[in-house]
Amino acid sequence: MAVVAAAAGSAVGLGNIWRFPYELGQYGGAAFLILYVLFVVLLGAPIMLSEFAIGRLGQSDASGSFRKIDPRGKWWLIGVMGVVSAFLIMGFYSVVSGWTFEYIYQAFTNQFAGKDATTLASNFTEFSSDTVRPLLWTVIFMIIAASIILLGVKDGIERSTKFLMPLLLVIIIALGIRSVTLPGGIDGLRFLFQPDFSKINSSVILSAMGQAFFSLSLGMGCMITYGSYISKKNKLGHTVAEVTLLDTLVAVLAAVAIFPAAFSQGINPGQGPELVFITLPNVFSNLPGGQFWAILFFILLSVAALTSIISLMEVVVAYVTEEFKLKRVPATIGVVLAVLVFSTLSSLSFGVWREVHVFGMTFFDLFDNVTSKVLMPLGGLFIALFAGWVMPAKLLKREISNEGRLKLRFFNFYLMLIRYVAPLGILLVLLNQLGLGKWLGV
Ligand code: PHE
C-alpha cells in the first residue's frame, strides 16, 4: 500500500497545480486539455503499467531492471537517460518548490491582503529575480527532501499522502467554487472547456504530450524504481488507473480554480510560470479567512512538491547505490550538491542571468523543455518498445496478472497500445515538431 501512495505522491505535484495550468494557458485552453487527456489515456496509462511491470519484474533500479530482464541488450541505457532526466528535472523543480516556501512565508505574514493582481505580479518578479532569497528556499527544500530520503520514512510519505492529498483536493475544490463565482469567472471556464481547434499546431501537440509524461512521472525510470518496491500482490492495473485518475483530477481542478480567477482579474492566461503565484494569492485576498486558506494551500502545495522531488531523488540515489555500490548517505549528499548547481542556474534565469540563453532558452526553460519535450517522450518510446517487443508477451502478462491469478480483460488492448500506438504516436509528434511532416508532405 505504501508504494501506491508514494506513486500517487510522485505524480501529483507542481506539475498539476503549477505547470499544467500555465502550459494550458499558453497553448490555447480547451484544445490543449483534450489533447492532454488523449495522451494520458493512450500513452500515459499503458507506459505507466509497463514501467511498473519492468520494475517489479526486474527488482532493481531504473537501469538495472532492464539488465535483469534482458542481460545482453543495451536497454539499460534507457535507465541512464532517465537518471539524467531526473537530474535536470530536479534542477528546475527544486526552484519552483523553493518558491512555494516563500509563499508559505508570505501567507503567514499576511502579505497578499488587499493587493491587486498588478501588485502581486510585481511582487513575484521582485522575489524571483532576487539572487539569494529564492536559492535559500531551494536549499532548505532540498535539505528537507534529502533528510526524508535518508531517514527512509516510507511510512511518513504514505501517511502524509493519504491524509494531505484529500485535504489538497478539498481546498482546490473550495478555491474553484470561489473562483468560478467571481464576476467574469465564466469566461475562464469557457477558455478551459470550449475548444478552439484552430489553436492546435505541432508545438501545442508536443507540449500536451510532454505535460502528460511530466505529470505522470513517466519516461525517466521513476515508476520503474517505485515498481521495484511494489508488492507482488498488488494489482498493477488498478494502481495505474487510480494514479492516473487522481493526477488528472487534480490538474483539471487546479485549472478550474485558476482560470476563472485569472479572467476575472484581467490576468493574461498565457502569463507563464508565475500564473498560479499571482492568481491564487489574489483569490485568497478576496476570500473570508483568506490568510488561513493561503497558508494551508501553500503548505499542501509544498508537500505535494516534496513527495514528487523525493521520487526524483530516489531514482538517482537508487541508481548510484545499486550500480556503484555507494552508501546511501554519501550518495544522497552528492546528488543534492550536484542538483544545487543546476538549481542555481535555473534560479538565476529569473534574475541576473535572464539574458543568458542556451539554444535560445534560459537555463530554467532549457531544463524544463529538454526533459518534458525530448528526454521523457524518448524514454517513454523506448520503454514501450521494450515492454511491447523485447519482453516476451507471456512474461509481461504473467507479471501484470500476478502469475495468472488476476483476470486481465484489457491485456490485448494494452499490448496493442504499447506495441503500436505509443511508439508511433510519440515518434509522429516528435517528427511533426521537427517539421518533418512538412517535408514528407503530410
Ligand atoms: N509528476 C511530478 C509532478 O507532476 C513531477 C515529476 C516528474 C516527478 C518526473 C517525478 C518524475 O509534479
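Throughout, read-outs are computed from the coordinates displayed, never taken from laboratory work. Only a predicted model underlies this, so the values are computations on that prediction, with no experimental measurement involved. All Cβ positions, glycine included, derive from the backbone under ideal geometry; neighbour counts span all protein chains shown.
Some observations on this one:
- Under 25 Å of direct C-alpha separation, and excluding same-chain neighbours fewer than eight residues apart, Lys199 reaches these lysines: Lys373, Lys438.
- A convex hull fitted around the alpha carbon atoms of the stretch 294-364 yields 127 Å³ per residue.
- Translational diffusion of the stretch 2-440, µm² s⁻¹ [Kirkwood Rh, Cα pairs; Stokes-Einstein; 25 °C; 0.890 mPa s]: 112 µm²/s
- Mean-position separation - Cα centroids, the stretch 68-132 and the stretch 184-211, in angstrom: 24 Å
- The chain: calculated mean residue ellipticity at 222 nm from DSSP helix runs of at least 4, using -39500 (n - 2.57): -22500 deg cm²/dmol
- Span-like helix ranges in the chain, DSSP H, alpha carbon extent 15 angstrom or more, Kyte mean at least 0.5: 45-58, 76-108, 133-151, 154-180, 202-215, 236-265, 275-285, 290-324, 328-348, 422-433
- Proximal aspartates and glutamates relative to Lys394, as straight alpha-carbon distance under 14 Å, when same-chain residues fewer than 8 apart are discounted: Glu403
- Two-decimal log10 I(q)/I(0) for the stretch 373-442, as the Debye equation yields it once each C-alpha is a single scatterer, q = 0.11, 0.15, 0.16, 0.19 Å⁻¹: -0.36, -0.58, -0.63, -0.78
- Per residue, the convex hull spanned by the Cα atoms of the stretch 168-221 amounts to 93 cubic angstrom.
- The stretch 2-440, dipole about Cα centre (Lys/Arg Cβ +1, Asp/Glu Cβ -1), debye to the nearest 20: 1580 debye
- 5 angstrom amide H check on Ser60, placed H, neighbours 5+ away: Ser65
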